[in-house]
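Student: Before we start, here is the structure in question, set down as structure tokens.
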Amino acid sequence: MGKPTFYITTPIYYPNDKLHIGHAYTTVAADALARYKRLRGYDVMYLTGTDEHGLKIQQRAEKAGQEPLAYLDDIIAWIRDLWDRLDISYDDFIRTTEPRHTRVVEEIFERLIDQGDIYLGQYEGWYCTPCESFWSERELVDGKCPDCGREVQYVQEESYFFRMSKYVDRLLAYYEEHPEFIQPESRKNEMINNFIKPGLQDLCVSRTSFDWGIHVRRNPKHVVYVWLDALTNYITALGYLSEDADKRDRFHRYWPADVHFVGKDIVRFHVIYWPIILMALGLPLPRQVYGHGFFMMKDGKMSKSKGNVIDPKLLIERYGSDAIRYYLLREIPFGQDGVFTPESLLQRLNFDLANDFGNLVHRTAAMLGRFNGGVIPQPGLRQRLEEDLVKLAAETIPQVEDAMDSLQFSVALEHIWRLVRAANKYIDESAPWALNKAGERERLGTVLYTMCEAIRVASILVQPFLPRAAATIHARFQLSPDETSWESTRRFGALAAGKRVEAGEPLFPRLDVAAEVEALAAATQATQGAGVQAGGAAASAAVSEAGAVAATAGHAQVSGRTMARAESGQSHVDKDGGSPMSETQVQVKPQIGIDVFDQVELTVGQIRVAERIEGADKLLRLEVDLGSEVRQVVSGIAQYYQPEELVGQKAVVVTNLKPVKLRGVQSNGMILCASEGNQLKLVSVPDSIPNGAVVK
């Protein structure tokens, strides 16, 4: 019996210019999933490529004084080089100018005409050239393209149309029968309410105003319009309607796709037009379309016309491919929007990669060299410290699997990093240097072995995200294929003793943040003109603004003392211990000097884990990433937030409060909230503020 198959695709990118870090985001996410599935024993087909037809390409080529294909070849070479530098392990790269694609698109178009799904008509309406999209009058926003905000043109021309309306009921039924088809689920409601309910119009699928494209065989003045051309790449690349039997077999092996990864701006084409095209062809529909969010700049979505794009090659050359891959998938929950800042990138590289993961590997190899000649020792009997780490490792594996299977890459990495940080803590608590000094060789051997084994397990778990670091670790620790399989992570103790470990250079050296921010500001267009704002100052401004809003509300308050009582589940009471304060009464406190305020340590953090505490209706247990550490905080906000709503949110944390236990759970800080009426809201800061920024 053969391996189970898994077919994953990125959108095919439009090569009118070089790609930016936002395009890399999609491709890296798909690659991490592809690598993970291969580790789990799947026969993976990972497809990416380029969408090379259309008016924009023709215009760009003319401006450059080149034929379109010659113009494209240089850009495609640049794109493929980018994917090589990012260690993208695609199995096929489709270009829509290839004969294997163009011939099949011609045949599909003819078939759809013959069966009455495509008809010849007259198009009159609004057209956006940059987006290559047609819009009705009602869809325009202030007379402009609703996607990009640019001017649109009113066009009239003979066109072929696809009878979308014929398949609407069948499409809606498919949505109901397959709730997993559109993810995140909020995208489905948007598609139904914005595009289907108002009345799905027949789709224009040909143009006559330019000639760079696939021509309709029976009517060559018509060029197949971009979406019918572009979307079919997912089946032409597999060999659909190929004259080669082996290629046709490949199509039957891998189709339907398990997941199409797309940016949220092109979800509509993939969950409305593409399924209908497949229905018309009598083919099964993809199992899932995942519309992820954007990596944006402070001034909005990355755009070549704005001049605010980040060149991924610049970042790779400076920090390495693993660092960029990690940042892209760790910084924001997949499916949500996030903001790219040099500060947030450098914080991740320093704290997560250098301090946590890199330091774990480097210090372990160094101590192994000093205390045991660089050789992995035989372990002795485990004690409580080892058992705790073994238990956490066993819990981590299914958590990572669940997160990866649900495409929550940042969650998977958080679980892995919890194990990495626990391994570092294990070293601190077991103190192998003290054991060596005391001559406790058997106990020292157990500790050194456990450190190495934790690294082995972690290196397998991070392999989809950090393929180069994982390969380096496997080489330095001389790990065999059996010791680096996914299944081996379930056997803590699978590492063979007696191997010599090479120390080597640190995997991720620490960076001078200020110097790097300055260097990036000088090297990339993204930070020119606007400058780079210090994280702490920006956080302070954001909190001041939050306070101002609270004051104008008339009865909102931000109060450390009041919120502390709320978090412990108590009512607000006056200082004499009398009756509860009214919800709208503002608590009056004496004035204080800056010296008193300066004693409160406020830090920006990001909530990574949120869960209810058994038996406590009002309390949630939070794990908050403070940049240099993850802090457990108990907060009395369970009546106002569902735990899943909080994951990924930024918050302001009082970090120098004395630890307390609430319902038996230790709380090491306090989340600031604002109350208004009977509502409680987190005091938040912009996503661009890095974790660990000090609020002043």
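Student: Which condition number does Val105 fail, the rest of (1) in contact with an Asp or Glu (Cβ under 6 Å, 6 or more places away or on another chain); (2) within 23 Å of Val155 (Cα to Cα); (3) in a helix (DSSP H, G or I) being met?
Tutor: Here Val105 meets the rest and fails (2).
Student: In region 628-659, which residue that is surrounded by fewer than 18 Cβ atoms within 10 Å (Cβ to Cβ) and in contact with a helix residue (DSSP H, G or I) (Cβ under 9 Å, 6 or more places away or on another chain) is farthest from Met670 (Cα to Cα)?
Tutor: Ser628
Student: Of all residues in region 1-41 being assigned to a helix (DSSP H, G or I) and hydroxyl-bearing (Ser, Thr, Tyr), which is nearest to Tyr90 (Cα to Cα)?
Tutor: Thr27
Student: Inside region 395-441, can you point out the residues that are over 19 Å from Val457 (Cβ atoms), of a type in the set (Gly, Ala, Ser) and within 20 Å of the chain's Cα centre (by Cα)?
Tutor: Ser406, Ser410 - these are the residues of region 395-441 that are over 19 Å from Val457 (Cβ atoms), of a type in the set (Gly, Ala, Ser) and within 20 Å of the chain's Cα centre (by Cα).
Student: Additional query: Quick check on this structure: which one of Pro481, Pro506 is outside the structural domain of Pro379 (by TED's automatic domain parsing) and surrounded by fewer than 22 Cβ atoms within 10 Å (Cβ to Cβ)?
Tutor: Answer to the selection: Pro506.
Student: Examine region 50-57 for a residue that is assigned to a loop (DSSP other than H, G, I, E, B) and without any contact (Cβ under 8 Å) to a residue 40 or more places away in the chain, and state whether such a residue exists.
Tutor: No, region 50-57 contains no residue that is assigned to a loop (DSSP other than H, G, I, E, B) and without any contact (Cβ under 8 Å) to a residue 40 or more places away in the chain.
Student: Let me ask something additional. Does region 104-124 include one or more residues that are within 27 Å of Phe294 (Cβ to Cβ), β-branched (Val, Ile, Thr), surrounded by 19 or more Cβ atoms within 10 Å (Cβ to Cβ) and touching a strand residue (DSSP E or B) at 6+ places or on another chain (Cβ under 8 Å)?
Tutor: no
Student: If you take the residues in region 294-308 that are under 28 Å from Val647 (Cα atoms) and not small (Gly, Ala, Ser), which one is modelled with the highest pLDDT?
Tutor: Selected residue: Phe294.
Student: Suppose we filter region 646-659 for residues that are over 27 Å from the mean Cα position of the chain (by Cα) and modelled with pLDDT of 85 or more; how many remain?
Tutor: Of the residues in region 646-659, 5 are over 27 Å from the mean Cα position of the chain (by Cα) and modelled with pLDDT of 85 or more.
Student: Here's something else I'd like to know. Taking the stated definitions as given, is Pro686 surrounded by fewer than 18 Cβ atoms within 10 Å (Cβ to Cβ) and assigned to a loop (DSSP other than H, G, I, E, B)?
Tutor: Answer is yes for this residue.
Student: Shifting gears a bit: Determine, yes or no, whether Val267 is modelled with pLDDT of 95 or more, part of a helix (DSSP H, G or I), touching a Lys or Arg at 6+ places or on another chain (Cβ under 9 Å) and of a type in the set (A, V, I, L, M, F, W, C).
Tutor: For Val267, the condition - modelled with pLDDT of 95 or more, part of a helix (DSSP H, G or I), touching a Lys or Arg at 6+ places or on another chain (Cβ under 9 Å) and of a type in the set (A, V, I, L, M, F, W, C) - is not met.
Student: I'm trying to understand the selection: among the residues of region 327-383, which are assigned to a loop (DSSP other than H, G, I, E, B), buried (at least 23 other Cβ atoms within 10 Å of the Cβ) and either aliphatic (A, V, I, L, M) or modelled with pLDDT of 95 or more (or both)?
Tutor: Within region 327-383, Ile332, Ile376 qualify.
The values are calculated or read from the model by the stated rules, or taken from the named source; none is laboratory data. Keep in mind that what you see is a predicted model, and the values were worked out from it rather than measured. We place every Cβ from the backbone using ideal geometry, glycine too, and count neighbours over all the protein chains shown.
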